[in-house]
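Notes follow the structure.
The values are calculated or read from the model by the stated rules, or taken from the named source; none is laboratory data. As the structure is a computational prediction, the values presented were derived from the model and not from experiment. In this analysis, Cβ positions are derived from the backbone assuming ideal geometry, glycine residues included, and neighbour counts consider all displayed protein chains. We work out accessible area using only protein heavy atoms, side chains counted, and drop any ligands, DNA or RNA first. Shrake-Rupley method; radii C 1.70, N 1.55, O 1.52, S 1.80 Å.
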Amino acid sequence: EKDPITVLVTGAAGQIGYALVPMIARGAMLGLDQPVIIHMLDIEPAAESLKGVKMELIDAAFPLLKDVVATTNVVEACKGVNVAVMVGGFPRKEGMERKDVMTKNVSIYKAQASALEQHAAPDCKVLVVANPANTNALILKEFAPSFPAKNITCLTRLDHNRALGQISEKLNVHVGDVKNVAIWGNHSSTQYPDVNHATVKTAAGEKPVRELVANDQWLNTEFITTVQQRGAAIIKARKLSSALSAASSACDHIHDWVLGTPKGTWVSMGVYSDGSYGIPAGLIYSFPVTCEKGEWSIVQGLKIDEFSRAKMDATAKELAEEKSLAYSCLN
Ligand code: NAX
């Protein structure tokens with residue numbers, strides 16, 4: 001049997017946490033043959049509820065789950081973790097702007113960065129889910145300087161999966177036959193869901209989505225806004241933000257990062273920009289990436305038309321503004 005991998009979930013008593021921990025314990029994140037130890041962190045007001053989640057994990061008798069720690073102590077939570085999924089934070093509620101929650105989250109991510117740097121495994125892979133996800137990840141990177149920048153990422157896989165879902169619904173094809181959409185930029189309404197390189201597996205081989213949809217008008221307007229606004233649409237319908245889809249996408253993100261993307265397929269991840277595609281270095285920006293042997297690389301050489309360029313730059317601009325706002329919140 002393999003040695004267990006220790007996974008930290010912060011905000012584990014929250015609604016994404018509640019959906020996520022059983023998925024991890026069932027092997028959806030790290031593989032069906034990979035034992036796991038789950039560390040769950042939340043804050044004092046949620047301590048009782050967190051205990052209840054631990055009781056349920058015990059009651060579910062997951063064969064892969066070797067141990068569970070439920071704690072409100074950041075140091076205990078971070079000790080020896082190999083994968084950290086940062087879901088804890090101050091969530092956006094209906095009608096609330098992302099920017100309102102910046103100050104609270106900046107201070108949380110600064111403190112947790114130090115705890116992770118001091119107590120996690122040095123090669124710990126970090127996924128930030130909590131909003132503003134890209135900027136929280138950037139703060140975490142800045143305050144955990146000994147971590148390789150490559151190990152700090154944020155979740156845009158949910159947006160990527162939403163884009164696959166919309167194409168699949170439109171064409172009435174199975175979502176598993178659609179691939180290589182890309183999410184560029186911020187996990188916010190300025191993100192750019194790009195279908196220019198996406199394809200669908202058909203009986204006659206792989207066909208470009210642009211050819212099959214044959215309705216550029218829909219692809220250039222409604223498709224984009226539907227993906228951008230999907231989070232708000234879920235809040236409107238559920239009176240709660242996305243949870244099961246967020247948890248599932250977080251598993252996909254770590255799964256593909258650790259175990260690799262299938263040949264010829266890319267996924268979207270928020271990663272530290274190296275200047276690819278003219279996106280300023282020093283931002284955590286969502287790019288199409290492939291993963292191999294535990295490392296992601298940005299897909300290179302995609303043709304970017306004028307329409308895409310403008311959208312990619314607009315979301316980069318928003319991230320640069322969020323970055324300065326975050327820095328001003330630090331003082
Ligand atoms: P909940 O409010 O249900 O859960 C958040 C949990 O975090 C709570 O239990 C809270 O006590 C805990 N928490 C607060 N401060 C903490 C701290 N300092 N340390 C540890 N835990 C702390 O929110 P939920 O719906 O689970 O959403 C969690 C986060 O994910 C939110 O920030 C939300 O905006 C973000 N999302 C990000 C998505 C993405 O694709 N990147 C999509 C879904 C989601 O909206």
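Has region 220-238 got at least one residue that is more than 22 Å from Y277 (Cβ to Cβ), open to solvent by 30 Å² or more (accessible area, probe 1.4 Å), over 23 Å from the mean Cα position of the chain (by Cα) and more than 16 Å from the ligand (Cβ to nearest atom)? Give the derivation first.
Initial filter on region 220-238 (more than 22 Å from Y277 (Cβ to Cβ)): 221-222, 225-226, 229-238.
Pick out the ones that are also open to solvent by 30 Å² or more (accessible area, probe 1.4 Å) and you get 221-222, 225-226, 229-230, 232-234, 236-238.
From what is left, the residues that are over 23 Å from the mean Cα position of the chain (by Cα) are 221-222.
Next, only the ones that are more than 16 Å from the ligand (Cβ to nearest atom) stay: 221-222.
Looking for residues that are more than 22 Å from Y277 (Cβ to Cβ), open to solvent by 30 Å² or more (accessible area, probe 1.4 Å), over 23 Å from the mean Cα position of the chain (by Cα) and more than 16 Å from the ligand (Cβ to nearest atom), one finds at least one in region 220-238, hence yes.
Testing V81 on (1) out of contact with any Lys or Arg (no Cβ under 7 Å at 6 or more places or on another chain); (2) within 19 Å of Q191 (Cα to Cα); (3) more than 9 Å from the ligand (Cβ to nearest atom), one condition comes back false. Which one is that?
Condition not satisfied by V81: (2).
When D274 is evaluated against the numbered criteria (1) of a type in the set (D, E); (2) part of a loop (DSSP other than H, G, I, E, B); (3) within 25 Å of D177 (Cβ to Cβ), which criterion, by number, is the only one it fails?
That leaves (3) as the condition not met.
Please verify whether region 281-297 includes one or more residues that are touching a His at 6+ places or on another chain (Cβ under 8 Å), modelled with pLDDT of 95 or more and closer than 16 Å to S189 by Cβ.
yes
For region 263-283, which residues satisfy the criterion of being among the aromatic types (F, W, Y) and touching a strand residue (DSSP E or B) at 6+ places or on another chain (Cβ under 7 Å)?
W266, Y272
Quick grid of which residues meet (1) touching a Ser or Thr at 6+ places or on another chain (Cβ under 9 Å); (2) modelled with pLDDT of 95 or more; (3) polar (S, T, N, Q):
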residue: P4; (1), (2), (3): no, yes, no
residue: A19; (1), (2), (3): yes, yes, no
residue: D33; (1), (2), (3): no, yes, no
residue: A46; (1), (2), (3): yes, yes, no
residue: M55; (1), (2), (3): no, yes, no
residue: T71; (1), (2), (3): no, yes, yes
residue: A77; (1), (2), (3): yes, yes, no
residue: G80; (1), (2), (3): yes, yes, no
residue: A84; (1), (2), (3): yes, yes, no
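Being more than 11 Å from the ligand (Cβ to nearest atom), more than 12 Å from A70 (Cα to Cα) and open to solvent by 50 Å² or more (accessible area, probe 1.4 Å), is that true of even one residue in region 33-47?
yes
Going by what's in this entry, would S249 be described as assigned to a loop (DSSP other than H, G, I, E, B) and among the hydroxyl-bearing types (S, T, Y)?
For S249, the condition - assigned to a loop (DSSP other than H, G, I, E, B) and among the hydroxyl-bearing types (S, T, Y) - is not met.
Could you please find all residues in region 55-66 being out of contact with any helix residue (DSSP H, G or I) (no Cβ under 9 Å at 6 or more places or on another chain) and either within 17 Å of A84 (Cβ to Cβ) or in contact (Cβ under 8 Å) with a residue 12 or more places away in the chain (or both)?
Across region 55-66, the qualifying residue is only K66.
Can you pull out the residues in region 8-26 that are within 8 Å of the ligand (Cβ to nearest atom), in a loop (DSSP other than H, G, I, E, B) and closer than 15 Å to V68 by Cβ?
Passing the criteria: A12, A13.
For region 109-125, how many residues meet the condition of being out of contact with any helix residue (DSSP H, G or I) (no Cβ under 6 Å at 6 or more places or on another chain) and open to solvent by less than 50 Å² (accessible area, probe 1.4 Å)?
Final tally of qualifying residues: 4.
Within region 101-160, track down each residue that is in a helix (DSSP H, G or I), within 8 Å of the ligand (Cβ to nearest atom) and β-branched (V, I, T).
Answer for region 101-160, where residues must be in a helix (DSSP H, G or I), within 8 Å of the ligand (Cβ to nearest atom) and β-branched (V, I, T): V101, I108.
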